[in-house]
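Just below is one structure, and these are the notes that go with it.
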Amino acid sequence: MAKAAKTAITPTRAENYPEWYQQVVRAADLAENSPVRGCMVIKPWGCALWENMQRILDDMFKATGHKNAYFPLLIPKRFLEKEAEHVEGFAKECAVVTHHRLEEGPDGGLVPAGELEEPLVIRPTSEMIIGDAFSRWIESYRDLPLLINQWANVVRWEMRTRLFLRTSEFLWQEGHTAHATEQEAREHTIRMLNVYATFARDTMAMPVITGEKTAAERFPGAVETFCIEGMMQDRKALQAGTSHFLGQNFSKAQDIEFLDENGERLNAWTTSWGVSTRLIGGLIMTHADDDGLVLPPRLAPVHVVIMPITFKADDPEKIMNYCHKIADDLRVQAFHGRHIEVEIDDRDIRGGEKNWSWVKKGVPIRIEVGPRDMADDAVFMARRDRPAKDKKGVARTEFVSSITSTLEDIQQTLLRRATEFRDEHTHQIDTEQDFRDFFTAPAGEPTPIHAGFAMTHFSGDSDVEEKIKNDLGVTVRCIPTELGEPGTCPFTGKPSAGRVVWAKSY
RNA sequence: CGGGCUGUAGCGCAGCUUGGUAGCGCGCUUGACUGGGGGUCAAGAGGUCGACGGUUCGAAUCCGUCCAGCCCGACCA
């Protein structure tokens, strides 16, 4: 048996996808599990990624007229009780604070004491606490629209957790807006959905489908929920962001009222929308390979890592100076609103180990600079979108002057690959039998690599959706914004306005 | 909350059936050799064997109780 090429990550994606994912998170040093089940420690490299996402998204929110604010972590229990569907949706996964003090117990340990008169809920989302503020901030139509965003952590007591994809505590942003008219609120919901889709595609190089959720998948309390859905490399769908049109449900529950031009008292129309650290999970499962993380340049904390090869040099200092010169020439250049981030890795560890550590972290460009390169006024370059051993010598001046176009080329390559992969595994399906065959794995497949996206007509019957979910574990991921041609639902024979996306999902 | 399993060094595990107070791999420290590649060799640091109780001259090992965690189901950004 031929020996397979050694990969930096074991197992490979094909061998065991879920385990591969965990190993990439570990190898890239993104995060680790915490002492509390379901929570995670986000390590510097993972945090830097999130910071880049935050910065770019925050600019996009500001550009669409939003201001940041911060609302409290703790919410009075009675706030959550105001909106019936909302309560029902979140009650099962709320962490509740009931005491405000610890006292020494009989066995020497600490026991909670000082029971609170009213329990406090750790926010699973902030509609209720922000709605409470909105009801006080909004008096007249002149106060509208009110466009607020907050960066925060939230807690949802999850049964099954995976780093970044589903953790009990996660970081996110939640936008909350109030509008005078239904139409304006609806438009805003879609506007923010499109901001997410643009961010996913242009910054993360992650192609997504925008669409609306079916009733079964809707946010508790929303009138309509929209989402962006991406395809991961195991062909499962990942909901990467949501935008909700809340109608007047929350404004009625919380008295968010204003006086219009005619002096009439009306309820505002509200929206909310969010993306979370789950995006990092999506990034990994879209681009990472069997050698670890692969970062799109626009998000990479470091664009170029320079590894000086000084062991054999007659004059190590000369090589270091040469490296610093290259770094300086790169840093003065800009790439999508940031100067080029360069790291010179002069750690005293073995060359191979050093090189592989940057491969696993997904840095877009690695260069090695030794005596031979310096003599040629060149660098030895490797790109993370190509195999780890695919390296070549490049003249220094050419390398420096083409750096932004090289980074852009990597960015585009990643997007193109991900888009091709998704399209290759998206199929139009017209009969129920074909649909069932599509989602039934061939016997003996070592790990569940799922069929992909099935586009079928659908009449929208929720009992059909329910049955398919039970039979196949497949759900409607969304009703795409681009509906296409009307047709006939293969499950009911009824007419359908357009095709919907079915897939297994995270 | 139902069903299965596991707690021994930072991580991953062996030892338990047939009691005699701990071992392996990785990692870590130091040194040597090496040097466009995650290498080789040597020396070293690190554990009240999940907790409590019982049996015993003696318990990681046998018995009991408890605690914690993991996996599979229902729920989910």
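The values are calculated or read from the model by the stated rules, or taken from the named source; none is laboratory data. Predicted model, so just to flag it, every value in this text is computed and none were measured. Heads up, the Cβs are rebuilt from the backbone with ideal geometry, glycines too, and the neighbour counts pull from every protein chain shown. SASA here: full protein model, heavy atoms, side chains in, ligands and nucleic acids out. Shrake-Rupley method; radii C 1.70, N 1.55, O 1.52, S 1.80 Å.
For A:Asp409, the solvent-accessible surface with a 1.4 Å probe is about 70 Å², rounded to the nearest 10.
Ligands, DNA and RNA are left out, and with a 1.4 angstrom probe the accessible area of chain A is 46 Å² per residue.
Between A:Glu184 and A:Ala216, the distance separating the two model label sites (each 7 Å from Cα on the Cα→Cβ line) works out to 3.7 nm. Which whole number in µm²/s is D for region A:426-503 by Stokes-Einstein, with the Kirkwood Rh taken over Cα pairs at 37 °C and 0.692 mPa s? Translational D for this selection: 256 µm²/s. For the pair A:Asn153 and A:Thr492, a Förster radius of 41 Å applied to the C-beta separation gives a FRET efficiency near 0.40, rounded to the nearest 0.05. The length gained on full extension between A:Trp356 and A:Leu116, counted as 0.36 nm times the residue separation minus their Cα-Cα distance, comes to 81.1 nm. Multiplying the residue separation of A:Arg191 and A:Arg417 by 0.36 nm and subtracting their alpha-carbon distance yields 78.7 nm. In a shell of Cβ-Cβ distance under 9 Å around A:Met381, excluding A:Met381 itself, what net charge do Lys and Arg (+1) and Asp and Glu (-1) give? Its environment carries a net charge of +3.
The slack in the chain from A:Asn321 to A:Lys469, taken as 0.36 nm per residue of separation less the alpha-carbon distance, amounts to 47.1 nm. For region A:1-52, the normalised intensity computed at q = 0.28 Å⁻¹ comes to -1.05 (log10 of I(q)/I(0), Debye sum over alpha carbons, equal scatterers, no solvent).
For the listed peptides A:299-309, A:384-394, A:116-126, a ranking on the average number of other beta carbons within 10 Å per residue, highest first, reads A:299-309, A:116-126, A:384-394. Cross-link partners for A:Lys213 among the aspartates and glutamates, with Cα-Cα distance under 18 Å and sequence neighbours closer than 8 places in the same chain left out: A:Glu85, A:Glu187, A:Glu224, A:Glu229, A:Asp461, A:Asp463, A:Glu465, A:Glu466, A:Glu482.
Computed on protein heavy atoms with a 1.4 Å probe, the accessible areas place A:Arg347, A:Arg55 in the order A:Arg347, A:Arg55, largest first. Measuring between alpha carbons in the structure, the pairs from A:Lys92/A:Lys236; A:Lys318/A:Lys361; A:Lys6/A:Lys354 lying more than 19 angstrom apart are A:Lys92/A:Lys236; A:Lys318/A:Lys361. Applying 1/(1 + (r/R0)^6) with R0 = 30 Å to the Cβ-Cβ distance of A:Ala334 and A:Ser34 gives a FRET efficiency near 0.20. Here each label is just a point 7 Å from Cα along the line to Cβ, and for A:Glu139 and A:Arg347 those points are 5.9 nm apart.
Farthest toward the positive end of the dipole of region A:304-407, out of A:Tyr322, A:Asn355, A:Ile309, is the Cα of A:Asn355, where the dipole comes from beta carbon charges about the Cα centre. In chain A, a dipole from Cβ-located charges (positive for Lys and Arg, negative for Asp and Glu) runs towards its positive end, and of A:Ile344, A:Met231, A:Val476 it is A:Ile344 whose Cα lies farthest in that direction. Quick one: net charge of A:Val474's neighbours, Cβ under 11 Å, K/R +1, D/E -1? After counting each charged neighbour, the total is +4. Computed from Cα positions, the angle between helix A:462-472 and the longest principal axis of chain A comes to roughly 40 degrees. Each label point was placed 7 Å from the Cα along the Cα-to-Cβ direction; for A:Ala395 and A:Glu482 their separation is 4.3 nm.
Taking all Cα-Cα distances within chain A, those exceeding 29 Å account for 58%. Relative to one another, the C-alpha centroids of region A:321-337 and region A:120-186 are positioned 41 Å apart. Taking a Cβ cut-off of under 12 Å around A:Arg396, the surrounding Lys, Arg, Asp and Glu residues balance to a net charge of -4, with basic ones at +1 and acidic ones at -1. For chain A, the longest principal axis of the alpha carbon atoms and the long axis of helix A:17-27 meet at an angle near 60°.
Hey, if you drop one equal point scatterer on each alpha-carbon of region A:149-196 and run the Debye formula without solvent, what base-10 log of I(q)/I(0) do you get at q = 0.27 Å⁻¹? Rounded to two decimals, the profile gives -0.95. Apolar share of the accessible surface for chain A: 50 percent from carbon plus sulfur atoms, 1.4 Å probe.
In the complete set of protein chains, residue-level accessible area for A:His100 is approximately 110 Å², probe 1.4 angstrom. Placing R0 at 22 angstrom, the Cβ-Cβ distance between A:Ala375 and A:Thr404 gives a FRET efficiency of 0.25 after rounding to 0.05.
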